[in-house]
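Here's the structure, in structure tokens; my notes come after.
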């Protein structure tokens with residue numbers, strides 16, 4: 001059963017869209033990363049070019065629960081949609097493909113916006129933006145935010161590798177139900193994906209490996225335990 005897009009669940013305030021739990025968000029990130037990695041590893045080395053939360057469709061039924069912590073992540077699948085702007089990647093000795101600049105502002109890689117040069121690492125940057133949206137519950141661009149917070153990447157990037165400030169970017173609707181160490185690793189991955197120089201960004205295969213580590217049962221259990229401890233110690237509020 002289709003449950004709409006990741007964008008709907010993250011940003012729409014409605015009884016039809018429950019807040020996504022930490023585990024569900026990481027499952028969505030992993031499924032989407034696997035989709036991009038598959039495209040990049042195909043014979044044509046396809047570049048998606050317009051990766052964003054509205055193009056991630058969610059399937060299956062959420063477990064009926066009044067609390068986001070008990071959502072069933074195993075029955076929540078994410079799939080990529082809308083390949084209208086996808087392009088075949090560079091071939092032979094080519095390092096990139098040159099194309100008319102298209103896509104969605106706020107998600108596009110800076111080098112693509114500046115030159116029109118498109119590579120698989122352009123998708124990696126867009127994935128970093130989406131991962132940041134999953135962590136923060138904020139849109140990539142939001143003019144309704146205070147001055148200095150309109151652009152999510154510009155606002156959040158300084159906090160991503162500071163373990164003492166990581167809670168400032170985390171979505172309040174998670175209510176502290178996530179492991180701080182796990183959140184730090186996810187934030188660090190987003191930071192790497194958002195590197196200004198594409199050569200410093202990981203490949204999507206490397207992103208998948210990192211996210212799979214976060215999905216290991218031992219990591220999930222530790223995340224839930226840390227989340228409960230954080231709430232009981234009153235450390236769930238942003239500072």
Among residues of the stretch 160-194, those that are without any contact (Cβ under 8 Å) to a residue 40 or more places away in the chain, in a loop (DSSP other than H, G, I, E, B) and out of contact with any helix residue (DSSP H, G or I) (no Cβ under 6 Å at 6 or more places or on another chain), counted: 2
Residue 143 fails exactly one of the following numbered conditions: (1) closer than 21 Å to residue 104 by Cβ; (2) surrounded by fewer than 21 Cβ atoms within 10 Å (Cβ to Cβ); (3) modelled with pLDDT of 95 or more. What is the number of that condition? (3)
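Residue by residue, here is whether (1) touching a strand residue (DSSP E or B) at 6+ places or on another chain (Cβ under 9 Å); (2) in a loop (DSSP other than H, G, I, E, B); (3) modelled with pLDDT of 80 or more holds:
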| residue | (1), (2), (3) |
| --- | --- |
| 39 | yes, no, yes |
| 44 | yes, yes, no |
| 57 | yes, no, yes |
| 63 | no, yes, no |
| 66 | no, yes, no |
| 83 | yes, yes, no |
| 90 | yes, yes, no |
| 94 | no, yes, no |
Across the stretch 195-220, which residue is surrounded by the fewest Cβ atoms within 10 Å (Cβ to Cβ) among those that are in a loop (DSSP other than H, G, I, E, B) and in contact with a helix residue (DSSP H, G or I) (Cβ under 9 Å, 6 or more places away or on another chain)? 197
All but one of (1) closer than 23 Å to residue 139 by Cβ; (2) modelled with pLDDT of 90 or more; (3) part of a helix (DSSP H, G or I) hold for residue 9; state the number of the condition that does not hold. (2)
Residues in the stretch 118-128: is at least one at pLDDT below 95 and not in a helix (DSSP H, G or I)? yes
Would you point out which residue out of 76, 112 is at pLDDT 85 or above and in contact with a helix residue (DSSP H, G or I) (Cβ under 6 Å, 6 or more places away or on another chain)? 112
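The values are calculated or read from the model by the stated rules, or taken from the named source; none is laboratory data. A quick note: this is a predicted structure, and the numbers were derived from the prediction, not measured. Here Cβ is always computed from backbone atoms with ideal geometry, including for glycine, and neighbour counts include all displayed protein chains.
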